[in-house]
Amino acid sequence: MTLETALTGVNDHLRGVLPPEIFDVLEADRRRARKTEFAEVGTKVEDFELPGADGAPSSLGELVAAGPAVLVFYRGQWCPYCNLTLRTYQQELLPELTTLGATLAAISPQRPDGSVPVAELEFPVLSDAGSTVARGLGLSYPVSAPVREAMETLGTDLEEVNGTWELVHPAVVVVDRDRVVRFVDVHPDFVTRTEPAQILEAVKSL
């Protein structure tokens, strides 16, 4: 089963369990065209230091010290599509990346104490509270009023969770040892994600 197929299954499940008026708002948002200038291949990423879920900081320089880094930007622990993606990357991607000498790290706007159930993951999970790093790559955007109302109805207060009503487009950014972007794949449609095979191909091409 591809990641796309699994994510479509999650979306079909939510269609059946969420109130129709809430699902329709979220569905319209995922299909809304967004004109944003994302980071491009060849862009040099400024070094950054972000806290992990356990509070221990990690820098981009550390992540690329021994090889390229695969940075996975995700919306948050509350997002079922993100959770499925991270588990899939751990199972299907992490062992291959380790063999290739590459590092995998996940980054979300959530505060460190709520970013992910870290016991399930074996790679760094970093908190970009305020979306400073994501904004620098063109991945951050403000949540619309209808989506904010829908999320609050479902019990998700992003201002409490993230410190701001901003979200990030799910994305995979591969950075080489010189902190230069060598691959980038952004998904304004938050139900879709980068397939593990695509990421492996990008890393192997370095």
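The values are calculated or read from the model by the stated rules, or taken from the named source; none is laboratory data. Since the structure is predicted, the reported quantities are computational estimates derived from the model, not experimental observations. All Cβ positions, even for glycine, are placed from backbone atoms using ideal geometry, and neighbour counts span all protein chains on display.
Of all residue pairs spaced 6 or more apart or on separate chains, those with beta-carbon atoms under 6 Å, a first member in the stretch 151-164 that is among the charged types (D, E, K, R) and a second member that is in a loop (DSSP other than H, G, I, E, B) and surrounded by 15 or more Cβ atoms within 10 Å (Cβ to Cβ) are 159/165. Is it the case, given these coordinates, that residue 127 is among the hydroxyl-bearing types (Ser, Thr, Tyr), buried (at least 21 other Cβ atoms within 10 Å of the Cβ) and free of Cβ contacts under 8 Å to residues at least 40 places away in the same chain? Spelling it out, it is not the case that residue 127 is among the hydroxyl-bearing types (Ser, Thr, Tyr), buried (at least 21 other Cβ atoms within 10 Å of the Cβ) and free of Cβ contacts under 8 Å to residues at least 40 places away in the same chain.
Sort out which residues of the stretch 99-120 are at pLDDT below 95, surrounded by 14 or more Cβ atoms within 10 Å (Cβ to Cβ) and not hydrophobic (A, V, I, L, M, F, W, C), and write them in order of number. Within the stretch 99-120, 108, 109, 110, 111, 112, 114, 115 qualify. Which of the residues that make up the stretch 48-87 are assigned to a helix (DSSP H, G or I) and under 24 Å from residue 151 (Cβ atoms)? Those that are assigned to a helix (DSSP H, G or I) and under 24 Å from residue 151 (Cβ atoms): 80, 81, 82, 83, 84, 85, 86, 87.
Cβ-Cβ contacts under 9 Å between residues 6 or more apart (or on different chains), taken from a first residue in the stretch 35-55 that is touching a residue at least 24 places away in the same chain (Cβ under 8 Å) and at positive phi to a second residue that is surrounded by 12 or more Cβ atoms within 10 Å (Cβ to Cβ) and not in a loop (DSSP other than H, G, I, E, B), are listed as 42/180; 42/181; 42/182; 55/112. Within the stretch 159-204, the set of residues being part of a helix (DSSP H, G or I), modelled with pLDDT under 95 and either within 18 Å of residue 132 (Cβ to Cβ) or not charged (D, E, K, R) (or both) comprises 159, 161, 162. Checked across the stretch 91-109, the condition of being under 13 Å from the mean Cα position of the chain (by Cα), part of a loop (DSSP other than H, G, I, E, B) and not hydroxyl-bearing (Ser, Thr, Tyr) holds for at least one residue.
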